[in-house]
1. Can you run down the residue pairs with Cβ atoms below 8 Å, 6 or more apart or on separate chains, where the first is in segment 23-42 and more than 16 Å from residue 4 (Cβ to Cβ) and the partner is part of a loop (DSSP other than H, G, I, E, B)?
2. Checking residue 14 against (1) modelled with pLDDT of 95 or more; (2) outside any strand (DSSP E or B), which test does it fail?
3. Collect the residues in segment 10-22 that are in contact (Cβ under 8 Å) with a residue 12 or more places away in the chain and under 15 Å from residue 40 (Cα atoms), keeping them in residue-number order.
4. Would it be correct to say that residue 23 is within 10 Å of the chain's Cα centre (by Cα) and loosely packed, with under 10 Cβ neighbours inside 10 Å?
């Protein structure tokens, strides 16, 4: 299992928050996908 709790990420140049308070649990043996439009930073 992979678990992320309260993740915060910001652009170094701008100091602008990109992610705030993200929580994610990925369980072993399951299939997961990250989706979004082109240029969204997946």
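1. 35/42; 36/42
2. The failed condition is (1).
3. Residues of segment 10-22 in contact (Cβ under 8 Å) with a residue 12 or more places away in the chain: 18-22.
Those that are in contact (Cβ under 8 Å) with a residue 12 or more places away in the chain and under 15 Å from residue 40 (Cα atoms): 18, 19.
4. On the way: within 10 Å of the chain's Cα centre (by Cα): yes; loosely packed, with under 10 Cβ neighbours inside 10 Å: yes.
It is true that residue 23 is within 10 Å of the chain's Cα centre (by Cα) and loosely packed, with under 10 Cβ neighbours inside 10 Å.
The values are calculated or read from the model by the stated rules, or taken from the named source; none is laboratory data. Because the structure is a prediction, the values reported are computed rather than measured. In this analysis, Cβ positions are derived from the backbone assuming ideal geometry, glycine residues included, and neighbour counts consider all displayed protein chains.
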